[in-house]
Amino acid sequence: MYIVKQLFSFMREYRKFWLAPIIFGLLGLGGLLILAQSSYMSPFIYAIF
């Protein structure tokens, strides 16, 4: 939780708000990759792409 707090304080202080969509997109992609490893979610993930 400390890292997230530091990240948001960095974005607020240096006006780097454009980093937020990139970070959330990478987290979402990582979540999809984790879900794709499980066998019951694989057909749904592959249908998206």
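Quick look at the numbers
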| quantity | calculated |
| --- | --- |
| Stretch gain in nm, segment Ser38-Phe8, where the contour uses 0.36 nm per residue and the Cα spacing is subtracted | 7.6 nm |
| Portion, in percent, of the accessible area of the chain that falls on carbon or sulfur, probe 1.4 Å | 73 |
| Under the Karplus curve 6.51 cos²θ - 1.76 cosθ + 1.60, θ = phi - 60°, whole-Hz ³J(HN,Hα) for the range 3-20, x wherever Gly or Pro sits | 5, 5, 5, 5, 4, 5, 5, 4, 5, 6, 6, 9, 6, 9, 5, 5, 6, 4 |
| The chain: trypsin sites (Lys or Arg not before Pro) falling in loop per DSSP and having at most 10 other Cβ within 10 Å | Arg15 |
| Among (1) 1.56; (2) 1.52; (3) 2.22, the entry derived from the coordinates for Cα Rg over 2.2 N^0.38 Å | (1) |
| Karplus-derived 3J(HN,Hα), 6.51/-1.76/1.60, for each residue of the range 30-37, Hz, glycine and proline x | x, x, 5, 5, 5, 5, 5, 6 |
| Accessible surface, the chain, averaged per residue in Å² (probe 1.4 Å) | 91 |
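The values are calculated or read from the model by the stated rules, or taken from the named source; none is laboratory data. These numbers come from a predicted model, not from an experiment. Glycine also receives a Cβ, built like all others from the backbone with ideal geometry; neighbour counts cover every protein chain displayed. What goes into the accessible areas is simple: the full protein's heavy atoms, side chains included, and nothing from ligands, DNA or RNA. Shrake-Rupley method; radii C 1.70, N 1.55, O 1.52, S 1.80 Å.
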